[in-house]
Amino acid sequence: MLKSVLTQNIDGLHEKAGSQRVLEYHGSVFKLRCPSCGSRFRRDEYNLEALILEGQLPPRCGKCGGAVKGDVVHFNEPIPSDVAHESLEEAWKCDLMLICGTSAVVYPFAQLPRIARQHQVEVEQKAKSGLYFVKNEAATVIVEVNAEPTPLTSEGISDYLIQGRTAEILPKIVEAVKTLSR
């Protein structure tokens with residue numbers, strides 16, 4: 001039912017919680033990345049302590065030989081192109097987007113709900129003009145779950161705002177979905 005998790009979090013908790021397809025937009029503290037070829041590696045694949053003692057820093061990519069760095073994306077660094085591309089695809093084709101626990105002001109991540117909304121506008125325009133012929137194409141519903149409204153709320157990007165703590169609200173949503181799918 002849940003196809004993908006697009007996250008700004010770098011702590012790996014989505015995987016630890018059992019999420020299957022997680023796109024870590026800002027990277028992960030548990031991974032290393034080669035900026036040259038885009039390969040990612042688990043941190044434990046490199047014995048960083050030994051490399052420090054041997055004076056062999058920075059670590060080298062096992063695929064292309066380029067210098068490997070931490071996977072976390074810092075300010076003014078580009079989002080890895082594979083993650084950015086997959087995230088755009090998911091935003092474009094989703095039929096429901098839950099936006100949970102974010103200020104929605106960090107770009108380019110904050111653009112993803114706007115992309116989903118643009119898809120909805122295009123579907124509605126096709127329907128009005130009689131061009132609605134793409135099978136299974138439906139408008140995206142965007143739901144915010146946040147303690148406070150965000151710019152997505154005030155700009156009318158979100159269809160719904162469920163205001164409160166995500167840690168309290170998300171389990172209730174999961175239970176409701178389980179009940180409906182029985």
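The values are calculated or read from the model by the stated rules, or taken from the named source; none is laboratory data. Keep in mind the model is a prediction, meaning the values are calculated, not measured. All Cβ positions, glycine included, derive from the backbone under ideal geometry; neighbour counts span all protein chains shown.
Tell me, which residue of the range 151-182 that is in a loop (DSSP other than H, G, I, E, B) and more than 13 Å from Arg114 (Cα to Cα) is modelled with the lowest pLDDT?
Arg182
Tell me, which strands (runs of 3 or more DSSP E) lie completely within the range 1-86 with 2 or more residues that are closer than 30 Å to Arg182 by Cα?
5-7, 22-24
When only residues in the range 24-48 that are within 19 Å of His74 (Cβ to Cβ) and of a type in the set (Lys, Arg) count, which is surrounded by the fewest Cβ atoms within 10 Å (Cβ to Cβ)?
Top of the filtered list is Arg43.
Just one of the numbered conditions (1) out of contact with any Asp or Glu (no Cβ under 6 Å at 6 or more places or on another chain); (2) modelled with pLDDT of 90 or more is not true of Asn136; which one?
Just one mismatch for Asn136, condition (2).
Quick check on my filter: what residues within the range 49-84 are farther than 14 Å from Arg33 by Cα and either surrounded by 12 or more Cβ atoms within 10 Å (Cβ to Cβ) or among the polar types (S, T, N, Q) (or both)?
Leu51, Gln56, Asn76, Ala84
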